[in-house]
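Participant: Just passing along the structure, written as structure tokens.
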Amino acid sequence: MDLAKIREAADRLLKSQALVVLTGAGVSKESGVPTFRDALDGLWTQYDPQQLATPEAFEADPKLVWDWYEHRRELVSKVKPNTGHYAIAQLEDMLPHITVITQNIDGLHQAAGSTDVIALHGNIHHHKCSADCQGEPTLIEVSKLEWDHAGGPPPCPYCGAWVRPDVVWFNERLPVEALERANKLSSQADVMLVVGTAGAVQPAASMPYRAKRYNGAFLIDINPDEDTITPIADLYIDGPSGEVLPAIIDAMRSR
Ligand code: BV8
Ligand code: ZN
């Protein structure tokens, strides 16, 4: 790990007045959460995630899509936040204002103690009526429902439509307030820390461009591999977030 870059990141973060942290599946990798593409083992290997995480796939085969999310939810419920999630949560005690904008649906930032998290793509632990019959979103507490699990998803207790995961599928709109707030905070950021994302999915991947274009934000990109943000980053640190982020926190404490 390049210590000069760690120190520069620490200095930039210590001076930040409006920090936004944008995270993708990479920040959860060291917790053992399979990234979006890894989650296709066993029964689902023959599927392309971008085909499975769609309203059309759910419409065509609710049981297949429901069971894939049940499988992923079981994986996620067994894992804990890693040192990278905890380092991001510690930034809250060290800086005036920090918001985490995450593409992840695993809830690990919240579990690690981050209190201002915008979950752009929803949360795998939450469920809603697929018809939003009581308003958008009509959240449903699945643990209270009784149904024949072999048949796939439960019926909505209000209207009978399928219950579905409260996540954003491809070609679905992101939650309006979450996206508006994420866009606003990205446009006002003076530093954006981008962690563990390939930067392939829109509109999440446009946030760093927004930060740079609207406010000349200093962009720090943390990823063992280069990603679509690396070319516009002011500082690229190639390493796993579970090691790089704690090193930055240590450097901030010793400045
Ligand atoms: C929308 C929830 C419109 C579900 C997810 C053509 C061009 C451009 C865009 C489009 C296009 N055609 C369609 C679109 C739009 C589309 C899109 O962006 N497609 C892309 C793929 C081409 N976007 C949408 O459809 C969005 N909606 O646009 O709606 C609209 C508007 C109005 C009205 C109606 C419709 C919705 C997108 C949300 C999709 N849902 N997740 C679920 O998870 O089941 S996206 C899902 O995949 C993840 O959330 C993540 O965001 C994305 C990628 O997942 P991963 O690959 O796992 O993660 P990531 O990309 O972050 O990569 C992992 C990174 O970590 C790697 O870089 C790796 O190097 C790094 N890493 C690994 N280990 C570590 C590490 N980093 C740090 N430390 C480590 N240890
Ligand atoms: Zn309903």
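Participant: If a residue has to be within 16 Å of residue 64 (Cα to Cα) and of a type in the set (Lys, Arg) to count, how many in the range 130-173 make the cut?
Facilitator: Count: 1.
Participant: Just a yes or no: is a residue in the range 185-205 free of Cβ contacts under 8 Å to residues at least 12 places away in the same chain, open to solvent by 10 Å² or more (accessible area, probe 1.4 Å), farther than 23 Å from residue 53 by Cα and of a type outside the set (S, T, N, Q)?
Facilitator: Among the residues of the range 185-205, not one is free of Cβ contacts under 8 Å to residues at least 12 places away in the same chain, open to solvent by 10 Å² or more (accessible area, probe 1.4 Å), farther than 23 Å from residue 53 by Cα and of a type outside the set (S, T, N, Q), which makes the answer no.
Participant: Something else about it: Tell me, yes or no, whether the range 171-179 has at least one residue that is closer than 30 Å to residue 7 by Cβ, within 13 Å of ligand 1 (Cβ to nearest atom) and exposed (fewer than 15 other Cβ atoms within 10 Å of the Cβ). Let's see the steps before the verdict.
Facilitator: Within the range 171-179, the subset closer than 30 Å to residue 7 by Cβ is none.
No, the range 171-179 contains no residue that is closer than 30 Å to residue 7 by Cβ, within 13 Å of ligand 1 (Cβ to nearest atom) and exposed (fewer than 15 other Cβ atoms within 10 Å of the Cβ).
Participant: Return only the number of the condition from (1) closer than 30 Å to residue 7 by Cα; (2) more than 10 Å from ligand 1 (Cβ to nearest atom); (3) not aliphatic (A, V, I, L, M) that residue 225 does not satisfy.
Facilitator: (2)
Participant: I need a count of the residues in the range 206-227 that are buried (at least 23 other Cβ atoms within 10 Å of the Cβ) and in a helix (DSSP H, G or I).
Facilitator: So the answer is 3.
Participant: Which of the numbered conditions does residue 162 fail, given that it passes all the others? Conditions: (1) in the same structural domain as residue 54 (by TED's automatic domain parsing); (2) out of contact with any helix residue (DSSP H, G or I) (no Cβ under 8 Å at 6 or more places or on another chain); (3) surrounded by fewer than 21 Cβ atoms within 10 Å (Cβ to Cβ).
Facilitator: Result: residue 162 passes all but (2).
Participant: Here's something else I'd like to know. Within the range 113-127, is even one residue of a type in the set (Val, Ile, Thr) and either within 13 Å of ligand 2 (Cβ to nearest atom) or within 18 Å of residue 176 (Cα to Cα) (or both)?
Facilitator: Yes; the residues of the range 113-127 include at least one that is of a type in the set (Val, Ile, Thr) and either within 13 Å of ligand 2 (Cβ to nearest atom) or within 18 Å of residue 176 (Cα to Cα) (or both).
Participant: Taking the criterion of being away from ligand 1 (no atom under 16 Å from the Cβ), within 24 Å of residue 12 (Cβ to Cβ) and among the aliphatic types (A, V, I, L, M), would at least one residue in the range 95-115 satisfy it?
Facilitator: Scanning the range 95-115 turns up at least one residue that is away from ligand 1 (no atom under 16 Å from the Cβ), within 24 Å of residue 12 (Cβ to Cβ) and among the aliphatic types (A, V, I, L, M).
Participant: So is residue 111 among the aliphatic types (A, V, I, L, M), part of a helix (DSSP H, G or I) and open to solvent by less than 10 Å² (accessible area, probe 1.4 Å) or not? It would help to see each step written out before you state the result.
Facilitator: On the way: among the aliphatic types (A, V, I, L, M): yes; part of a helix (DSSP H, G or I): yes; open to solvent by less than 10 Å² (accessible area, probe 1.4 Å): no.
Here the answer is no, as residue 111 does not meet what is asked.
Participant: Something else now. So for the range 173-184 (the condition being β-branched (Val, Ile, Thr) and touching a Gly at 6+ places or on another chain (Cβ under 8 Å)), does at least one residue qualify? Lay out the reasoning, then the answer.
Facilitator: Applying the first criterion (β-branched (Val, Ile, Thr)) to the range 173-184 yields 176.
Next, only the ones that are touching a Gly at 6+ places or on another chain (Cβ under 8 Å) stay: none.
Looking through the range 173-184, none of the residues is β-branched (Val, Ile, Thr) and touching a Gly at 6+ places or on another chain (Cβ under 8 Å).
Participant: Look through the range 134-158, keep the residues that are part of a loop (DSSP other than H, G, I, E, B) and of a type in the set (Gly, Ala, Ser), and return whichever of them is nearest to ligand 2 (Cβ to nearest atom).
Facilitator: Checking each candidate, the answer is 135.
Participant: Just the residues that are surrounded by fewer than 24 Cβ atoms within 10 Å (Cβ to Cβ) and touching a helix residue (DSSP H, G or I) at 6+ places or on another chain (Cβ under 8 Å), please, taken from the range 120-141.
Facilitator: If the condition is that a residue be surrounded by fewer than 24 Cβ atoms within 10 Å (Cβ to Cβ) and touching a helix residue (DSSP H, G or I) at 6+ places or on another chain (Cβ under 8 Å), then 120, 121, 124, 125, 130 are the ones that fit.
Participant: Select, from 86, 47, 69, the only residue that is in contact with a helix residue (DSSP H, G or I) (Cβ under 9 Å, 6 or more places away or on another chain) and not assigned by TED's automatic domain parsing to the domain that holds residue 185.
Facilitator: Numbers: 86 fails: not assigned by TED's automatic domain parsing to the domain that holds residue 185; 69 fails: in contact with a helix residue (DSSP H, G or I) (Cβ under 9 Å, 6 or more places away or on another chain).
So the residue among 86, 47, 69 that is in contact with a helix residue (DSSP H, G or I) (Cβ under 9 Å, 6 or more places away or on another chain) and not assigned by TED's automatic domain parsing to the domain that holds residue 185 is 47.
Participant: Looking at (1) near ligand 1 (Cβ under 7 Å from one of its atoms); (2) assigned to a helix (DSSP H, G or I), which is the one condition that is false for residue 182?
Facilitator: Failed condition: (1).
Participant: Name, by its number, the condition in (1) surrounded by fewer than 17 Cβ atoms within 10 Å (Cβ to Cβ); (2) in contact (Cβ under 8 Å) with a residue 24 or more places away in the chain that does not hold for residue 74.
Facilitator: The number of the failed condition is (2).
The values are calculated or read from the model by the stated rules, or taken from the named source; none is laboratory data. Just so it is clear, the model here is predicted, and its values are computed rather than measured. Cβ coordinates were reconstructed from backbone atoms using ideal geometry, including for glycine residues, and neighbour counts include every protein chain displayed. Only protein heavy atoms, including side chains, enter the accessible area calculation; ligands, DNA and RNA are left aside. Shrake-Rupley method; radii C 1.70, N 1.55, O 1.52, S 1.80 Å.
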